[in-house]
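Okay, structure first, notes after.
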Amino acid sequence: MTRAWFDISAGVAGDMLLGSLIDAGVSLDKIQKVLDELIPNSVRFSQATVNRGGQRSVKITVERLAEDPPHRSWASIRKLLSESTIPEATREMALKVFARLAEAEGHVHGVSPDEVHFHEVGALDSIADVVGVCEGLRLLGVSEVSASQVALGSGRILAAHGDIPVPAPAVAQLALGWPSSAGPSGEGWHSHDGHSHDHSHDEHESHEHTHSHGSHTHSHHHDLPHDEPAPVTTPGAVGELATPTGLAVIRALAECCEKLPLMTTSAIGIGAGGKDFAGHPNVVRVLIGETFQAAQSEQVTELAANVDDQNPQLWPGIMDALFDAGALDAWLTPILMKKGRPAHTVHALCRPADAEAISDVLLSQTSTLGVRFNQLERFVLDRSWHDVEVGGQEISVKVASRADQILHATPEFESLTEAARKSGKTQAEMAQLAQASIVEAGLVAGNPVPESK
């Protein structure tokens, strides 16, 4: 499968993402053609080769050719995209991006997404950025998207309603659950939550503030020149590094945050932001490549704690709590600690976004005084579930596959146990019958995976 991995460790904006795809080989003329279908005679793209921190990169500029309305609602953008004749894959991706933006704004202001009215993120150039990126991914044949951690910026900026901290609330809301830092150094990693507040730092996503008026959420300019970022009020701070549009594209389209995945790279592109920082290149990189079909790769977190004074009767409930908190797997390992004390190490494997909740379970429900963790990558097979009939009882079967070809199929233990109880047979008898039914259903190695019910 063709994968696009975006390096957004120095920040992200819509034009930077588009620039990276153009540099990776996408024709800007083809992007322009799609935009002309969507919003005729409204925007014109241009590209330039620039230098950012010593790196050659592509800077995209969008020129508005038509008058923009004061604001657009999410409903109007959805209607515009849904009724368009642009490629279906491009349309569906763009709808996901704007839906993510509307959800973020609506959450912050306590209104439904349909009541949100955008200003700059609904402007012609922002629509052009989003649709341009989505069309670029389609033209490259990308079927999977992932990205690095994101730099959000630091310091404080002057907004329409006064001096506010970076990240601005809309960016913070969009960064919720995604590994992030203040800057490219990687310091200050955390997952954000907060209030929605919309700012941008590239040349044509001008800065805005959104807030609620009556039943609708509207946005307003900082009354700054269109190509200027919001003034930084903290000496020495970089200000904003991530824009709502850019981060919404990543959150809507990327499957996960990961380091550069295992793949054969076929193209590299570098997109430039509007500023040229002295300390780091203000760019987004994209690597396009073919992932290996041996198995899918994903990033996981393993948490562990040593416990030597826990009532063993409590372990089943603790394990249940770990799974309820999002653990992908959990297990106990007997160990011998200092002074010959018998103990256990409790382990939990989870997605990075669930690590804090898992840690809270370990700290609150066991007697441990600390939890350690490691970031890992694992290969996983595709999984699907299918029902087979065994002696008048339905049993769920887990099918493991790769590239839509079955590798093995196993009856689910709980389903098998329940069927044995209802039929009056032993588990061993039911397992033997289930295996025969699995073969009869064609769920055997080498066969294609049937559609799940």
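The values are calculated or read from the model by the stated rules, or taken from the named source; none is laboratory data. Because the structure is predicted, anything quoted here is derived from the model rather than measured. Heads up, the Cβs are rebuilt from the backbone with ideal geometry, glycines too, and the neighbour counts pull from every protein chain shown.
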Determine whether region 48-64 contains at least one residue that is within 15 Å of residue 90 (Cα to Cα) and assigned by the TED database to the domain that holds residue 13. no
Checking residue 63 against (1) within 23 Å of residue 241 (Cα to Cα); (2) at pLDDT 95 or above; (3) not aromatic (Phe, Trp, Tyr): exactly one of these is not met. Which one? (2)
Filter region 390-407 for residues that are under 17 Å from residue 431 (Cβ atoms) and surrounded by 14 or more Cβ atoms within 10 Å (Cβ to Cβ); the one that is modelled with the lowest pLDDT is 391
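Please count how many residues of region 372-422 are among the small types (Gly, Ala, Ser), touching a Lys or Arg at 6+ places or on another chain (Cβ under 9 Å) and in a strand (DSSP E or B).
Initial filter on region 372-422 (among the small types (Gly, Ala, Ser)): 384, 391-392, 396, 400-401, 403, 409, 415, 419-420.
Now narrow it down to the ones that are touching a Lys or Arg at 6+ places or on another chain (Cβ under 9 Å): 384, 391-392, 400-401, 409, 419.
Those still in the list that are in a strand (DSSP E or B) too: 384, 400-401, 409.
So the count comes out to 4.
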Of all the strands (runs of 3 or more DSSP E) wholly in region 264-353, which have at least 2 residues that are of a type in the set (D, E, K, R)? 283-291, 296-307
Can you run down the residue pairs with Cβ atoms below 9 Å, 6 or more apart or on separate chains, where the first is in region 129-156 and more than 15 Å from residue 2 (Cα to Cα) and in contact (Cβ under 8 Å) with a residue 40 or more places away in the chain and the partner is assigned to a strand (DSSP E or B) and aromatic (Phe, Trp, Tyr)? 132/45; 148/5; 148/6
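Evaluate the following for residue 329: is it over 19 Å from the mean Cα position of the chain (by Cα) and not assigned by the TED database to the domain that holds residue 177?
Numbers: over 19 Å from the mean Cα position of the chain (by Cα): yes; not assigned by the TED database to the domain that holds residue 177: yes.
It is true that residue 329 is over 19 Å from the mean Cα position of the chain (by Cα) and not assigned by the TED database to the domain that holds residue 177.
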So in region 168-182, with the set limited to residues that are without any contact (Cβ under 8 Å) to a residue 60 or more places away in the chain and part of a loop (DSSP other than H, G, I, E, B), which one is farthest from residue 239 (Cα to Cα)? 176
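Would you call residue 260 in contact with a Phe, Trp or Tyr (Cβ under 7 Å, 6 or more places away or on another chain), surrounded by fewer than 19 Cβ atoms within 10 Å (Cβ to Cβ) and either part of a helix (DSSP H, G or I) or not charged (D, E, K, R) (or both)?
On the way: in contact with a Phe, Trp or Tyr (Cβ under 7 Å, 6 or more places away or on another chain): yes; surrounded by fewer than 19 Cβ atoms within 10 Å (Cβ to Cβ): yes; either part of a helix (DSSP H, G or I) or not charged (D, E, K, R) (or both): yes.
Here the answer is yes, as residue 260 does meet what is asked.
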Identify all residues within region 1-59 that are surrounded by fewer than 20 Cβ atoms within 10 Å (Cβ to Cβ), in a loop (DSSP other than H, G, I, E, B) and among the hydrophobic types (A, V, I, L, M, F, W, C); write none if there are none. 1, 39
Flag if residue 80 is more than 16 Å from residue 14 (Cα to Cα) and out of contact with any helix residue (DSSP H, G or I) (no Cβ under 6 Å at 6 or more places or on another chain): yes
Evaluate the following for residue 228: is it in the same structural domain as residue 129 (by the TED database), modelled with pLDDT under 90 and acidic (Asp, Glu)? no
Among the numbered criteria (1) surrounded by 13 or more Cβ atoms within 10 Å (Cβ to Cβ); (2) farther than 30 Å from residue 149 by Cα, which one does residue 382 miss? (2)
Has region 167-181 got at least one residue that is over 15 Å from the mean Cα position of the chain (by Cα), in the same structural domain as residue 95 (by the TED database) and modelled with pLDDT under 65? no
Restricting to region 263-288, name every residue that is small (Gly, Ala, Ser) and crowded, with 19+ Cβ neighbours inside 10 Å. 269, 271, 272, 273, 274
Hey, among the residues in region 71-105 that are at pLDDT below 90 and polar (S, T, N, Q), which one's surrounded by the fewest Cβ atoms within 10 Å (Cβ to Cβ)? 76
